[in-house]
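Enquirer: One structure follows; several queries about it will come next.
The values are calculated or read from the model by the stated rules, or taken from the named source; none is laboratory data. What you see is a predicted model, and the numbers here were worked out from it, not measured in a lab. Note that each Cβ is placed from the backbone with ideal geometry, even for glycine, and that neighbours are counted across all protein chains shown. Areas reflect the complete protein model, heavy atoms only, side chains present, ligands, DNA and RNA absent. Shrake-Rupley method; radii C 1.70, N 1.55, O 1.52, S 1.80 Å.
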Amino acid sequence: RFEDGTVSFLDIIALKHGFDVLEKLTGGMEKIKQHTFALAHYTYTVLSTLKYANGAPVARIYSDTDFSNPDVQGPIINFNVLDENGEVIGFSQVDKMASLYNIHVRTGCFCNTGACQMHLGISNEDIQRNLQAGHVCGDDIDLVDGRPTGSVRISFGYMSSYEDAQTFLKFIIAIRLSKSDAEIPFQSSVTKLTTESVPDDHPSFNNADKLSPIPHILDRELGNNSPATKMTVNWQPPEAEAESIRAAVSETAVPTCRRGGKPITVTNIYLFPIKSCSAFEVAEWPVGNQGLLYDRNWMVVNQNGICMTQKQEPRLCLVNPSIDLKKKVMVIQAEGMDPISVSLEENTGKGAVICESKVCSHRVKTYDCGERIAGWFSMFLGRPCRLIRQSSDMKNRLHQKNTKGLSSATNISLSLVNEAQYLLINVASILQLKEHISARLKDPLEIEELIRRFRANIVISAPESFEEEEWAEISIGALRFQVVGPCSRCQIICIDQQSGERNKEFLQSLSAARGRKTNFGIYLMNQPLHSSLPDILSVGSEVLPVLKENTEIQPPTSSEEKCSG
């Protein structure tokens, strides 16, 4: 009754064959139960013993059992990671760090609001407050007023192995108790393994490529006071950060002096014509109702029509699009490939292939750019893919969580971006972050490389680092922008935008430097343009910010630093 689409009735005939193969490979559900529960029991026992140097636990596990009986406890572990002060680290941050280690976790409330309320101590009033703060199912708002809105869950299956469990535990240690992927410290001193032999008539079950030997824990070997599980932590204290989406100031807000009063200017402007591909830097550029003209108007999709990003295909960063407004073409280049051009004129005639695609959870109407360009991308990436363009007759509407406080939100549309029309970063913030990252990396780090990694549209030079997080709105020339909120970073910043190589230290360093959060940069929305002619955003333009109401103001030190009103 709740099926979205037609039940796959043609595959029903495969069920019996599937169960037969499962029986042949594993020996049956009883063996699977023993195997998966042993992995869960091992992981639960070790995870619950991990402590900081001050004795505080690394994780808080939510369970109705003590993991002693597989008849009442399944092979899942639900938990939240804590810092050394006992504060919860948001599930969204844990999920992003886990992806760097190729670990898939599920986060949130797992479609079980009742259990979430019970274990997290969330009242009905809290649920209402979280909704008012902009939190909806599936978003990244993992903390509201410092309290968790959900948790993290890991699950074991019949193909999971003891090595998988240790990989997960090493991940927890690497992000909380050390800065390297060293051997798991409790491997020899805390646990011993015994192998329960599987009947000879099921040899595949004991095959390393199928199922690993079933690990068991000798409980007497585990102790909360084991010195191997206590390690010194070098993390900076967390900053006080607002967890709810910031509402923009009203149109009647009076500009307030920011600290220092020194001028702020635009240093770089980038647009990304093809989503997740290389940046196109310009000195000045027209601004339309969706942001920078032609910014993220195209995207690459796989053969199933799903958007491809650098998370799945890092080599997308090696594709260099550039736009010639006079010739009305976009030229696409990549090493080893002949340049190819795409017209800027929309092709929505009778021959156009109209399709519906998804960007994050949003449905967008697009049309295919043809076989020639599809062959070019397929050859370069080595997999079947196509280039599609957003159709102008159906724009991707503003995400609900970003509409709070924005005037005329229903009239604001997005291109193929994930969150907002613009992303702004501050050079001063980059310089401060560069110090933290350079300390963890052996190779010298150039500021230009960091700027490329953060893939912003607007780069500014402000006197103070992270002062942009105190702004409610800004003006650049005739353009006026409202600050929607902070940009929570994902693993794409770990990808070198000139080589496509990954280095997970970048996201880990950002998390450490920002006090458990991965925020960097702010999202902006442009007020709807009143003129049919596009405004121009230029490098060198002065940026005039308006501070949030609760920001402390430093009085001007001279007449030159006073606000003009």
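Enquirer: So for the pair C137, F110, with labels modelled 7 Å out along Cα→Cβ, what separation do we get in nm?
Expert: Label-label distance for C137 and F110, simple model: 1.5 nm.
Enquirer: Let me ask another. Apply the Karplus curve 6.51 cos²θ - 1.76 cosθ + 1.60, θ = phi - 60°, to the phi angles in segment 538-546 and return the couplings in whole Hz, x for Gly and Pro.
Expert: Calculated HN-Hα couplings, in order: 10, 5, x, 5, 7, 9, 10, x, 10 Hz.
Enquirer: Still on this structure: Using θ = phi - 60° and the Karplus curve 6.51 cos²θ - 1.76 cosθ + 1.60, what whole-Hz ³J(HN,Hα) does each residue of segment 143-159 get, with Gly and Pro shown as x?
Expert: With the stated coefficients, segment 143-159 comes to 9, 10, 6, x, 9, x, 9, x, 8, 10, 9, 10, 10, 10, x, 5, 8 Hz.
Enquirer: Please compare each pair in K275/K504; K96/K170; K262/K434; K16/K311 to a cut-off of 25 Å on the Cα-Cα distance and tell me which ones are over it.
Expert: K16/K311, as the Cα separations exceed 25 Å there.
Enquirer: Sort segment 465-521 into rounded, prolate or oblate with this rule: let a ≥ b ≥ c be the square roots of the eigenvalues of the Cα gyration tensor; rounded if a/c is under 1.5, and if a/c is not under 1.5, prolate when a/b is larger than b/c, oblate otherwise.
Expert: Note, shape of segment 465-521 comes out oblate.
Enquirer: While we're looking at this one, here's another question. What nm value, rounded to one decimal, do you get for the distance between M337 and E501 when each label is placed 7 Å out toward the C-beta?
Expert: Result: 2.2 nm between the two label points.
Enquirer: Using the Karplus curve 6.51 cos²θ - 1.76 cosθ + 1.60 with θ = phi - 60°, work out ³J(HN,Hα) for each residue of segment 163-170 in order, rounded to whole Hz, and write x for Gly and Pro.
Expert: In residue order, the calculated couplings are 5, 4, 4, 5, 4, 5, 5, 4 Hz.
Enquirer: How much length is gained if the chain between E464 and A439 is pulled fully straight, taking 0.36 nm per residue apart and subtracting their Cα-Cα distance, in nm to one decimal?
Expert: Fully extending the segment from E464 to A439 adds 6.9 nm.
Enquirer: Loop-only GluC sites (Glu not before Pro) in segment 442-541, please: DSSP not H, G, I, E or B, and at most 12 other Cβ atoms within 10 Å.
Expert: Sparse-neighbourhood loop GluC sites (Glu not before Pro): E446, E501.
Enquirer: Where q = 0.13, 0.21 Å⁻¹, what log10 of I(q)/I(0) comes from the Debye formula for segment 417-547, counting one point per Cα?
Expert: Results for segment 417-547 at q = 0.13, 0.21 Å⁻¹ read -0.56, -1.29.
Enquirer: A follow-up question, please. List the residues, sorted by chain then number, that are 5 or more residues from L82 or on another chain and whose placed amide H is less than 5 Å from its amide H.
Expert: Placed amide hydrogens put A59, R60, I89 under 5 Å from L82.
Enquirer: At 0.36 nm per residue, minus the direct Cα-Cα distance, what do I536 and K262 gain on full extension? Give it in nm, one decimal, please.
Expert: Here the segment from I536 to K262 would lengthen by 96.3 nm.
Enquirer: Return the FRET efficiency for the residue pair A283, D66: r is the Cβ-Cβ distance, R0 is 41 Å, and the value is rounded to the nearest 0.05.
Expert: E(calc), rounded to 0.05, equals 0.05.
Enquirer: Here's another thing I want to ask about it. If amide hydrogens are placed 1.01 Å from N in the peptide plane, which non-local residues have theirs closer than 5 Å to the one on G108?
Expert: Result for G108 returns S151.
Enquirer: Give me the accessible area per residue for segment 422-476, probe 1.4 Å, as a whole number in Å².
Expert: Solvent-accessible surface per residue comes out at 36 Å².
Enquirer: By how many nm would the segment from I306 to I12 grow when fully extended, if each residue of separation counts as 0.36 nm and the alpha-carbon distance is taken off?
Expert: Gain on extension, I306 to I12, equals 103.2 nm.
Enquirer: Just to confirm a number: summing +1 for Lys and Arg and -1 for Asp and Glu over residues other than Q491 whose beta-carbon lies under 12 angstrom from that of Q491, what do you get?
Expert: It works out to a net charge of +4.
Enquirer: Quick one: which residues, 5+ away or cross-chain, put their amide H under 5 Å from the amide H of V543? H built at 1.01 Å from N.
Expert: Amide H to amide H, under 5 Å and 5 or more residues apart or across chains, V543 pairs with I264, T265, V266.
Enquirer: Between N302, P273, V319, whose Cα lies farthest towards the positive end of the dipole of segment 271-329 when Lys and Arg beta carbons carry +1 and Asp and Glu beta carbons carry -1, centred on the Cα centre?
Expert: Most positive-ward Cα: N302.
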